[in-house]
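The block underneath contains the structure these notes are about, expressed in structure tokens.
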Amino acid sequence: MREIIKDYVEIASQTLPLMEPVYEFGALQVPGQEGFADLRRLFRGKEYVGCDMREGPGVDRVLNLHNIALPSESVGTVLIMDTLEHVEFFREAVKEVHRILKPGGAAIVSSVMNFSIHNFPYDYWRFTPEGFKSLLSIFSSSFVDFLGEETFPHTVIGLGFKSVREDSINMDEFIKHVGMWKQFNSGASSKNWRSYVKPFTPPIVLDLYRKVVSSL
């Protein structure tokens, strides 16, 4: 888990109408990541289930993304953060995620492109933004962006909503904060993402944001 990915998940959790239960696939906290890689605190008050193919820290259920042992339309939100590169049959996995999501449910994903091989336990793939657009085309509404050089980004992010009209979800705040997140991680500034919320956010929204963050 990388800090920039935790920030991306935080943006999504605070600006989008995400349903529960929340299932995280790839939740195993590998040595050196214990505690740091825990995303549960971002979804307090929601049912949260950490899943992986192996038992260990952060894992509540052992599930295989290729054939998820869950009923169709039973999950509100799926997180797959920096995990798809480790999934051998990633298209089948995304189809399974789409199957288990409730109508209106969301899949939040991230992966890498310009990044070193990291075997946890295997490293199969690298993704372009266009690759993510193709992968998420199964969803009725989707969003894809990246961090890094336009021709060779190090990070690709995505979001897909199931069975919703594109105009039925207000994503303005999400897109605005992702834009700020990109700016803060471009290397052009030493400030972190949260330090930029104030200049771009109306006072009433900022007050609400502070209350939410202080409760985490």
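The values are calculated or read from the model by the stated rules, or taken from the named source; none is laboratory data. Please read these numbers as outputs of a predicted model, since none were measured by experiment. As a convention, Cβ positions derive from the backbone with ideal geometry for all residues, glycine included, and neighbour counts pool all protein chains shown.
A few notes on this one:
- Filtered residue count, the range 124-142, keeping only those that are surrounded by fewer than 18 Cβ atoms within 10 Å (Cβ to Cβ) and among the hydrophobic types (A, V, I, L, M, F, W, C): 2
- Single match in 160, 148 (criterion: assigned to a strand (DSSP E or B) and over 17 Å from the mean Cα position of the chain (by Cα)): 148
- Meets criteria (modelled with pLDDT of 95 or more and either of a type in the set (A, V, I, L, M, F, W, C) or surrounded by fewer than 16 Cβ atoms within 10 Å (Cβ to Cβ) (or both)) for residue 162: no
- Residue that is farthest from the chain's Cα centre (by Cα), among those in the range 74-119 that are buried (at least 16 other Cβ atoms within 10 Å of the Cβ) and part of a loop (DSSP other than H, G, I, E, B): 115
- Close pairs (6 angstrom Cβ cut-off, 6 or more residues apart or separate chains): more than 27 Å from residue 103 (Cα to Cα) and free of Cβ contacts under 8 Å to residues at least 60 places away in the same chain in the range 114-140, assigned to a loop (DSSP other than H, G, I, E, B) and not charged (D, E, K, R) anywhere: 123/117; 126/113
- Test result for residue 129, of a type outside the set (D, E, K, R) and modelled with pLDDT under 95: no
- Subset of the range 29-62 that is within 16 Å of the chain's Cα centre (by Cα) and assigned to a strand (DSSP E or B) - its residue that is farthest from residue 10 (Cα to Cα): 52
- For the range 23-64, filtered to residues that are in contact (Cβ under 8 Å) with a residue 12 or more places away in the chain and β-branched (Val, Ile, Thr), the residue that is surrounded by the fewest Cβ atoms within 10 Å (Cβ to Cβ) is 30.
- Residue pairs whose Cβ atoms lie under 7 Å apart, sitting 6 or more positions apart in sequence or on different chains, and linking a residue in the range 142-160 that is in contact (Cβ under 8 Å) with a residue 60 or more places away in the chain and closer than 14 Å to residue 2 by Cβ to a partner that is small (Gly, Ala, Ser) and buried (at least 23 other Cβ atoms within 10 Å of the Cβ), are 155/110; 157/110.
- Condition check for residue 52 on (1) under 24 Å from residue 17 (Cβ atoms); (2) touching a Leu at 6+ places or on another chain (Cβ under 6 Å): one failure, at (1).
- Only a single item in (1) in contact (Cβ under 8 Å) with a residue 40 or more places away in the chain; (2) acidic (Asp, Glu); (3) over 25 Å from residue 185 (Cβ atoms) is not met by residue 96, and it is number (1).
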